[in-house]
Amino acid sequence: MQQIFNFIFKNSTRILFLLLLSISLLLTIQSHSYHKSRIISSANFLTGGVYEKINSITEYLNLKEENDALAIENARLKSILFNTKDTTTIKKPDNLKGVLPDDIVVSKVIHNSYNVHENFLTLNSGSNDGVKTDMGVINSLGIIGIVDRTSPKYSTVVSILNTKSQINAKIKKSNHFGSLTWNGKNTGFVQLVDVPRLAEVRKGDTIVTGGQSVIFPEGINIGTIYKIYKEEETNYYVLDIKLFNDMTNLGHVYIIKSKDRDEVNNLEKGNIKDE
Amino acid sequence: MNSTLLVNIFRFILLLALQIIIFNNMNFLGFIMPLPYILFIILYPVNSNKPTLIISSFLLGLIMDLFSNSGGIHTTACLILAYYRPYLFKFAFGVSYEYQTIKLNESLTPERFSFILLAVVIHHFTLFILEAFQVTFILDILIRTLLSTIFTIISCIIIIYLIKPNKR
């Protein structure tokens with residue numbers, strides 16, 4: 001017994017180090033494992049609060065660009081409004097398929113990272129505003145990411161600039177599907193992989209979200225085809241997509257809840273049970 | 001005695017605040033980010049007890065991870081740097097480092113510079129390996145380590161000179 005205590009006393013620093021190292025390695029590995037949200041995230045009142053304070057100062061620097069973007073969006077919506085033939089039945093300007101107006105939460109990016117391989121955003125609305133995990137996040141130009149974790153007032157978002165993110169997308173013209181990933185290199189471009197060879201792809205074609213996932217409604221802009229590669233082993237195309245969004249400069253965003261989501265999820269759960 | 005403790009607590013908070021408010025928003029070429037918060041571990045008094053340093057480095061890394069949504073990569077890198085710091089001292093200043101009173105925030109001699117360089121390289125290399133977590137990114141890891149090391153050292157030296165107490 002005495003020797004055990006002696007051993008522990010002698011190596012107390014090393015034991016402490018190994019203990020803490022195993023905790024931190026566990027956190028690291030846990031954060032890298034797919035489909036598991038991390039324990040440590042910036043969706044809590046401490047980091048969220050600090051980021052909100054910082055953002056309230058720095059947002060003045062981007063006020064001009066933010067105003068320009070809003071003015072352009074306003075003009076677009078006005079043009080839709082004025083060009084409708086029958087003005088008595090005004091269509092909802094932003095009628096995304098399967099989304100009701102009250103399913104959209106307006107939020108603001110209070111922290112944005114884009115310099116590592118797995119990037120996350122922090123938004124200033126959380127479960128109090130009805131935000132839940134796996135909701136889609138977009139802005140006026142295109143998609144941004146998927147909600148990862150929420151706290152009462154804040155939430156984190158897996159950016160599309162994250163090597164672990166995979167989003168169903170299609171070519172607008174031909175309806176060929178692929179999945180949207182990021183190779184971790186350039187913040188202006190993402191990759192659309194697993195596009196079948198049969199698909200007619202041309203440089204400049206628009207890529208939109210596909211209808212196969214319940215996270216995003218169909219037809220939200222992503223970007224245009226910039227470069228086309230052929231994968232020799234698999235006979236699939238890999239497309240470099242130039243994003244409409246500047247992911248390094250984000251302001252206001254919309255969090256959308258698909259109307260059909262719960263229904264589809266329940267259906268799929270039921271199917272699994274039946275099998 | 002107590003003044004050292006206070007200075008260290010102050011340094012801990014100040015460096016974290018600097019890192020989060022200013023340096024986290026610096027992105028040269030889109031991916032180079034200086035990380036001068038590890039100055040806390042580098043400047044920690046040489047002869048003070050090790051468990052305190054290890055625990056405080058753990059907390060330092062954990063707070064950084066909270067703010068950057070990065071799992072445990074800063075924590076691991078900080079812990080490894082804190083644990084191997086005595087070996088780095090031995091390497092840079094010779095075996096008898098414990099008997100000298102090394103004050104890093106005096107003039108920059110080659111020994112001090114080599115110590116800071118080694119510490120930053122060890123920290124950054126661990127950090128970027130854990131951040132990428134894939135062998136295919138090895139070239140990327142090396143480039144990031146090299147470039148970020150340069151910028152971290154520059155910012156560290158600037159901070160050291162700024163907080164140096166003026167005398168004589």
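Could you check how many residues of the stretch A:179-230 are among the β-branched types (Val, Ile, Thr) and within 14 Å of chain B (Cβ to nearest Cβ)? Even if it seems obvious, please write down each step before you answer.
First pass over the stretch A:179-230, keeping only residues among the β-branched types (Val, Ile, Thr): A:181, A:187, A:190, A:193, A:195, A:201, A:206-209, A:214-215, A:220, A:222, A:224-225, A:228.
Now drop any that are not within 14 Å of chain B (Cβ to nearest Cβ), which leaves A:181, A:187.
Final tally of qualifying residues: 2.
Could you list all residues from the stretch A:195-206 that are surrounded by 16 or more Cβ atoms within 10 Å (Cβ to Cβ) and either within 16 Å of the chain's Cα centre (by Cα) or among the charged types (D, E, K, R) (or both)? A:Asp205 - this is the single residue of the stretch A:195-206 that is surrounded by 16 or more Cβ atoms within 10 Å (Cβ to Cβ) and either within 16 Å of the chain's Cα centre (by Cα) or among the charged types (D, E, K, R) (or both). For A:Ser165, the conditions (1) touching a Gly at 6+ places or on another chain (Cβ under 6 Å); (2) within 18 Å of A:Gly184 (Cβ to Cβ) are fulfilled apart from (1).
For A:His176, the conditions (1) closer than 21 Å to A:Asn265 by Cα; (2) surrounded by 15 or more Cβ atoms within 10 Å (Cβ to Cβ); (3) not polar (S, T, N, Q) all hold with the exception of (1). Filtered by the rule that a residue be over 11 Å from the mean Cα position of the chain (by Cα), farther than 25 Å from A:Lys185 by Cα and either buried (at least 24 other Cβ atoms within 10 Å of the Cβ) or hydrophobic (A, V, I, L, M, F, W, C) (or both), the stretch A:127-148 gives a lone residue, A:Val131.
Among the residues of the stretch B:65-92, count how many are aliphatic (A, V, I, L, M), touching a Phe, Trp or Tyr at 6+ places or on another chain (Cβ under 7 Å), facing chain A (nearest Cβ under 10 Å) and surrounded by fewer than 24 Cβ atoms within 10 Å (Cβ to Cβ). Explain how you work it out, then say what you get.
As a first pass, look at the stretch B:65-92 and keep what is aliphatic (A, V, I, L, M): B:66, B:73, B:77, B:79-82, B:88, B:92.
Those left that are additionally touching a Phe, Trp or Tyr at 6+ places or on another chain (Cβ under 7 Å): B:79, B:88, B:92.
Now restrict to residues that are facing chain A (nearest Cβ under 10 Å): B:79.
In the following step, the residues that additionally are surrounded by fewer than 24 Cβ atoms within 10 Å (Cβ to Cβ) were identified as none.
Residues that pass the stated criteria total 0.
Does B:Ile102 satisfy being assigned to a helix (DSSP H, G or I) and either at pLDDT 80 or above or β-branched (Val, Ile, Thr) (or both)?
Values: assigned to a helix (DSSP H, G or I): no; either at pLDDT 80 or above or β-branched (Val, Ile, Thr) (or both): yes.
Spelling it out, it is not the case that B:Ile102 is assigned to a helix (DSSP H, G or I) and either at pLDDT 80 or above or β-branched (Val, Ile, Thr) (or both).
On the basis of being among the β-branched types (Val, Ile, Thr) and either modelled with pLDDT of 75 or more or in contact with a helix residue (DSSP H, G or I) (Cβ under 6 Å, 6 or more places away or on another chain) (or both), does A:Thr47 make the cut? Yes: the conditions hold for A:Thr47.
Which one is surrounded by the fewest Cβ atoms within 10 Å (Cβ to Cβ) among residues in the stretch B:20-64 that are hydroxyl-bearing (Ser, Thr, Tyr) and more than 12 Å from chain A (Cβ to nearest Cβ)? Before the answer, list the steps.
Of all residues in the stretch B:20-64, those hydroxyl-bearing (Ser, Thr, Tyr) come to B:37, B:44, B:48, B:52, B:56-57.
So of that shortlist, the ones also more than 12 Å from chain A (Cβ to nearest Cβ) come out as B:37, B:44, B:48.
Details: B:Tyr37: 29, B:Tyr44: 20, B:Ser48: 13.
Checked the stretch B:20-64; the qualifying residue surrounded by the fewest Cβ atoms within 10 Å (Cβ to Cβ) is B:Ser48.
What is the residue count in the stretch B:134-149 for residues that are without any contact (Cβ under 8 Å) to a residue 12 or more places away in the chain and crowded, with 18+ Cβ neighbours inside 10 Å? Final tally of qualifying residues: 1.
The values are calculated or read from the model by the stated rules, or taken from the named source; none is laboratory data. It should be emphasised that the depicted structure is a prediction, and the values quoted were computed from it without experimental measurement. As a convention, Cβ positions derive from the backbone with ideal geometry for all residues, glycine included, and neighbour counts pool all protein chains shown.
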